[in-house]
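Read-outs: derived from the displayed coordinates by stated rules, not from any lab. This one's a predicted model, so the numbers in the text were calculated from it and none came from an experiment. Note: ideal-geometry Cβ built from the backbone for every residue, glycine included; neighbour counts use all protein chains shown.
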Amino acid sequence: MKTSVGNCSIWYSFIFLLSHCDSISGNDESPLIFTVASERTDGYLRYIRSAEHYKLSVTTLGLDKPWKGGDMNFQGGGYKINLFKDALEPYKSDDNRLVMFTDSYDVIFLAQWESIVEKFKEMKAKVLFSAENFCWPDDELKTKYPPVEGDVQKYLNSGLFMGYASNIYNILNSRVIKDTDDDQLFYTHVYLDDKLREQNKIKLDHKSNLFQNLNGNVGDVSVSIDGEGETKLLNKKFVTHPAVVHGNGPSKLALNNFGNYLAGAFVDGECMTCQEHNIPVEDRESFTILVALFVEFPTPFLEEYFDKILTLTYPKNKIHLFVHNKIEYHSNLVDTFLNHASEEKYLSIKAINAKDGISEATARELAVNRCLTKKCDYLFVIDSDVHLENLDTLNELIAFNKTIVAPMVTRVGGVWSNFWGAVSEKGFYARSSDYMTIVNYEVRGIWNVPFISSCYLIKSKILNKLSYTKAEVDADMALAEHLRNHGIFMFVSNLNEYGHLLNPDNYDIKKTRPEFYEIFANQFDWEKRFIREDYYTQLLEETVPKQPCPDVYWFPIGTEIFTESMIDIMEAFGKWSDGSNSDQRLQGGYEAVPTRDIHMNQVGLEAIWLKFLQLYVKPLQEKVFIGYFHDPPRSLMNFVVRYRPDEQPFLRPHHDSSTYTINIALNRRGIDYEGGGCRFIRYNCSVLDTERGWMLMHPGRLTHFHEGLTVTKGTRYIMISFVDP
Ligand SMILES: *[C@@H]1O[C@H](CO)[C@@H](O)[C@H](O)[C@H]1NC(C)=O
Ligand SMILES: *[C@@H]1O[C@H](CO)[C@@H](O)[C@H](O)[C@H]1NC(C)=O
């Protein structure tokens, strides 16, 4: 065995020298590689890129000419044979010349010619076809195959083959084939013809020594890293490194996934394709874009969404705006946005309102059509649950120069994103092996994936091929399926961070100020809207908190919207307690120091309030009352108090049943009310100049006996919690 391998490589070196001399003498014996492609699809460009990476020169037959080979999703492709036959004519009697034929839309080269030739020669064939597990297109022919031992790939696949020119020419001319006949069937008949097979020493590459078909084998194949830091395909079952890979049949999506790494696409963990064919900086703002906004479902934090659209850095005089709002509830916000937009220099603005009653799919197709009518260069789709924090997102996406590319956005702190790594057979979500590494930014790149949604940039040249419509499937899934069927690659970039996705699942527009209820589903956005920017500086070691009275600390915490929301929620509910000692909301039914108030649990805010205490109040407490830890903080009494001259204007001196109490001012002294404040009797110290959104924090018992001072005019609202009773 050893000797024969040795002999083989000596023989190979000899051939190599020969061919080297021949090329010097002008008799060109460079590789002859043929493919057939009518269009420069994304798959074709990937194929050519892989050929260039391995310095292989490919002759493409039928390029930019009409395809005559029938529908390749079924049978067909005789056209390929007829084109190839003509192309091979000049070499028909060449017994030494090696020729390779491959498909191209779903093929990637994985090795240089020398290595291809070496693998070919190991197989001791004159013509070698790739092999697969399925006998296609005629399953009946299974029984006609010569027997082969072991658990190997038994049947011929004609997407990849190689051999000597004269032998291949013989095969091609062994029978007549119509353009629309099936090419694989043709080659299968050739192989099953004992005479032709033996004469031309035709073999199948049963163990993927040279050729890898992926269909039915995806699980046996993985991407591995070689000594040079470049990724290679490994067939784990046969322990081979195939030199050409073919995503035949339904394995195209698996090939797309592998293709993200192969043929020098990824070297030393770095995405190399990401830097190829980029649009130079100076040209990036020269394109006209239709920016299409879709509000298709009730969406929390929509104001912030629109704010971000208005602040994108892309020149507004290059943007046509398009808005579809399907949700009546959001009409006011959309109108406000449109008013702001009309003051900017947008090229045009088109809005479709909820009352127009247009479906999502139709609206999306209207945006496509408008982009075409306006002759824009790109369509940029952005749904209402996408917040783009990176204001240069458009410019960055343009740079990638992809037909379709989405900026990766994920739900904050989660793995839910706007792309799928894989699709199930039925067309639904499936997780790819690299999904987690991509959403967690462990690897960065621009990834070819089978599904994107929510936000993406599309070159207008393919807009007339888009469709959002398919029965019983939502618009996003219809689009992705359509693109997959047309061989248009969808890319998602995580090269940079662009923004995040909101979770609209539990958003309840029947509530007053529904965003206030979003602390669990959308904490990131909740905090941005409701917690003051200077909150975090309070936590810094060097910040000395205000202390208006002994052990009474004073912190900025809630934003204006926080305080307004709280008041609105309580007033909309409206069932203020009557201020008597009888209180059925309490366990004993008795309140010693009653106020006019509404408890958080009466408006469904109890859990949210406890979360707020834990997230934002506890850290402040730990800073000022050193050594006291209680996580999570407990609190049974969380309520908003209303003081009015004609209702309850003050509260008599009392202790609180708490370890510590917080007291957040919800409105403005001197504007919304007069008088009021809090007096700590033991210290004869009052806090009168309370500030909206600021929180007092003080011990509840013993030392901090206190009273609510009289409100003389207007209404004063405060928010109280008795923490750790
Ligand atoms: C952008 O992509 C197109 C199509 O793939 C290509 O023809 C063009 O040369 C690319 N632009 C640059 C600057 O590389
Ligand atoms: C309490 O403080 C007020 C205002 O500073 C002052 O007028 C009053 O005399 C003080 N009372 C006592 C008992 O110290």
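At a glance:
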item	result
Extension gain (nm, one decimal) between Asn496 and Leu45, 0.36 nm per residue minus Cα-Cα	159.9 nm
Point-to-point label distance, Glu622-Lys461, nm (Cα→Cβ direction, 7 Å offset)	5.7 nm
Net length gained if the chain between Asp151 and Glu122 were fully extended (0.36 nm per residue, minus Cα distance)	8.4 nm
The chain - convex hull of the alpha-carbon atoms, volume per residue in Å³	226 Å³
Per DSSP, loop GluC sites (Glu not before Pro) in region 532-622 with at most 11 further Cβ within 10 Å	Glu533, Glu541, Glu542
Among beta bridges that DSSP assigns inside region 281-501, antiparallel share in %, nearest 5	45 percent
Low-density loop cleavage sites - trypsin sites (Lys or Arg not before Pro) in region 334-369, where at most 15 other Cβ are within 10 Å (DSSP)	Lys345
Cross-link table Lys92/Lys207; Lys85/Lys207; Lys124/Lys236; Lys68/Lys126; Lys144/Lys252, entries beyond 25 Å C-alpha to C-alpha	Lys92/Lys207; Lys85/Lys207; Lys68/Lys126; Lys144/Lys252
Under-5 Å amide H pairs with Tyr660, H placed in peptide plane, nonlocal only	Gly700, Val723
Calculated FRET efficiency for the pair Tyr91/Glu228, C-beta based, R₀ 45 Å, to 0.05	0.85
Separation of the Asp505 and Phe74 label points, Cα + 7 Å toward Cβ, nm	4.3 nm
For a label point 7 Å along the Cα-to-beta-carbon line of Asn133, residues of region 186-218 with backbone N under 13 Å	213-218
MRE, 222 nm, helices only [DSSP H, n ≥ 4, -39500 (n - 2.57), over the chain, to nearest 500]	-7500 deg cm²/dmol
Relative contact order (%) - criterion: Cα under 8 Å, at least six apart; region: region 419-529	23 percent
Length-normalised contact order of the chain in % [C-alpha pairs under 8 Å, at least 6 apart]	8 percent
Overall dimensions of region 170-251 by Cα: Rg and Dmax, Å	16.2, 48
Kyte-Doolittle mean at least -1.0, axial Cα span of 24 Å or more - DSSP H helices of the chain	2-24
Partners for Lys426 among aspartates and glutamates (Cα-Cα distance below 17 Å; same-chain residues under 8 apart left out)	Glu472, Asp474, Asp476, Glu481
Region 540-600, relative contact order [Cα under 8 Å, separation at least 6], %	21 percent
Loop GluC sites (Glu not before Pro), region 440-530 (other Cβ atoms within 10 Å of the site Cβ: 12 or fewer; DSSP)	Glu442, Glu472
Beta bridges per DSSP with both ends in the chain, % antiparallel, nearest 5	70 percent
Rg/Rh for region 64-199, where both radii come from Cα atoms and Rh is the Kirkwood radius	0.94
Segment Arg585-Leu615, extension gain: residue separation times 0.36 nm, minus the distance between their alpha carbons	8.2 nm
Rg over Rh [alpha-carbon atoms, Kirkwood Rh] for region 514-723	0.93
Convex hull of Cα atoms in region 7-275, direction-averaged projection (nm²)	14.7 nm²
Pairwise centroid distance, computed over Cα atoms, of region 230-276 with region 502-525, Å	42 Å
Cα-projected label distance for Leu366 with Glu282, points at 7 Å along beta-carbon direction, nm	4.1 nm
Inter-part distance where region 541-599 and region 127-176 are each reduced to a Cα centre, Å	81 Å
Gap separating the Cα centres of region 336-405 and region 411-487, nearest whole Å	19 Å
Cβ-placed point charges (K, R +1; D, E -1), dipole of the chain about Cα centre in debye, nearest 20	560 debye
